[in-house]
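Please read the structure below before turning to the comments.
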Amino acid sequence: MKKRLLAALLTSALALSLTACGGGTDSSAADGGDTASTHDGPYKISMVLKTNAAEFWNIVQAGAEAYEDEHPDQVSLDIKGPPAETYYEEQLNTIQTDLAVESYDGYLIAPLQSEAVATAIANTDKPVVAYDTRIDSDKCLAFVGTGNKEAAKEGGKAAVEAAKAAGWTDIKCIEIAGVQGDATNTARMEGYREGVNEAGGEFLDAETQYANATADLAVTAMEGIMSKYPEGVAIICSNNDDMALAAARTAKDNPNYAKTIFLGFDGQKSAVEAVLNGELTMTAAQNNFDIGYKAVETIVKILNGEEYGDVDTGTEIITKDNAQARLDNFANWLK
C-alpha cells in the first residue's frame with residue numbers, strides 16, 4: 001500500500017519540482033504537491049552527512065534527531081557519514097548502497113561531490129532532499145541549507161569594515177579555501193570575493209590557498225602567506241572555522257598580523273569561544289541545527305503529500321557583540 005502511494009506521490013512531486021535542487025543560486029524552489037496522505041508507520045530515511053567527525057555535522061545530526069524525537073510516529077532516521085570531508089568514494093559508496101535498500105522511503109544527502117551524487121540518484125524512484133550543498137538533478141526535490149554565497153558576502157563586507165576600524169588602509173584579503181571544485185566551497189569563495197571587493201577591499205584570487213577544509217593544511221597555508229607577505233595582510237578569510245582558527249593561531253606571535261581580521265565560516269562552538277576571547281575576529285554562522293531539523297521536516301512533508309519547497313536556514317555574522325548569545329544556543333542544541 002505504502003509503495004503504491006509513494007509512487008503516485010512522487011509522480012506528482014517530480015512534475016512540480018524538476019529543478020528544486022539545481023541551478024547555481026540559493027533561491028527557493030516553487031512549492032510541491034499539496035495532497036495529504038497517510039502511511040502505515042514511520043518513514044525510514046537514510047541521512048548521509050559529509051562527515052560524522054566534526055562539530056558542525058554533529059549539530060546538524062542533533063537537529064535531525066530532535067525532529068525524529070518530536071515525531072516518532074512520522075520518521076525513523078539512519079544517519080551516517082565518512083571520517084572526513086575528503087572521503088569522496090566512501091560517501092558515494094554509502095549513498096549507492098543505501099539507494100539499493102528497499103526499506104528506505106527517502107534520502108537526505110549532503111553531497112561531497114554533487115555531480116557524482118546526481119549520477120548515483122538518477123534512477124531512484126524515491127524522494128531525495130539535498131542539504132548543505134545542492135544536487136543538480138531532477139530526482140532531488142528540495143534543498144535545505146544556508147545561502148552560502150550570500151552569507152560569505154556579508155562576512156566579507158563585515159571583515160572589510162573591521163579592517164578599516166583596525167587601521168588598515170591597504171585592505172587585501174586572502175582566502176584559505178576548502179576542497180577545490182566543491183560546490184559549497186565555490187559559493188563561499190564567490191561570496192567572499194564580492195563582499196570584500198564591493199566594500200572597498202581587494203580579494204586576491206591568485207593567492208587563494210586550498211587546504212581541503214582541514215586545520216593541518218591551513219597551518220601550512222598560513223605559514224606560506226606570512227612568508228610571502230611579511231608586512232601583513234588585512235584579512236584572512238577561510239572556508240570553515242577549523243581553518244580560520246588554525247590560521248589565527250599560526251599567526252598569533254607575528255606582530256605584523258596582530259591587527260589582521262580572521263574570518264571563519266560555520267559558527268561552531270570552538271570558533272565562537274575564540275571570538276569571545278579575541279583569538280578569532282568573526283565567523284559567518286550557519287544555523288546548522290536548523291539545517292538538520294528542516295531537512296527531515298521537508299522530506300516528511302514530501303512523503304505526506306504536503307506543500308514543500310527549498311528552505312534557507314539563514315546565517316548571522318558572529319562578533320564579540322553577539323558571541324555569548326550564540327554560545328547559549330549550543331547548550332540547548334547538544335543537551
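Things worth noting here:
- The one condition in (1) outside the structural domain of Thr51 (by TED's automatic domain parsing); (2) surrounded by 20 or more Cβ atoms within 10 Å (Cβ to Cβ); (3) over 20 Å from Asn185 (Cβ atoms) that Met222 fails to fulfil: (3)
- Ala187 outside any strand (DSSP E or B), modelled with pLDDT under 95 and buried (at least 21 other Cβ atoms within 10 Å of the Cβ): yes
- Scan of region 210-245 for residues that are farther than 25 Å from Gln286 by Cβ and either in contact with a Pro (Cβ under 9 Å, 6 or more places away or on another chain) or charged (D, E, K, R) (or both), ordered by number: Glu223, Lys228, Glu231, Gly232
- Against the numbered list (1) in contact with a Lys or Arg (Cβ under 6 Å, 6 or more places away or on another chain); (2) farther than 15 Å from Ile59 by Cβ, Ala284 comes up short only at (1).
- Residues that are of a type in the set (Asp, Glu) and modelled with pLDDT of 95 or more within region 74-114 comprise Asp78, Glu89, Glu90, Asp98, Glu102, Asp105, listed in sequence order.
- Identity of the residue in region 260-280, of a type in the set (Gly, Ala, Ser) and part of a helix (DSSP H, G or I), that ends up surrounded by the most Cβ atoms within 10 Å (Cβ to Cβ): Ala271
- Of Asp73, Asp69, Asp136, Asp125, all but one fail to be under 27 Å from Asp266 (Cα atoms), among the charged types (D, E, K, R) and either in a strand (DSSP E or B) or over 21 Å from the mean Cα position of the chain (by Cα) (or both); the exception is Asp69.
The values are calculated or read from the model by the stated rules, or taken from the named source; none is laboratory data. Since this is a predicted model, take the numbers as computed values, not measurements. Positions of Cβ are generated from backbone atoms using ideal geometry, with glycine treated the same way; all protein chains shown enter the neighbour counts.
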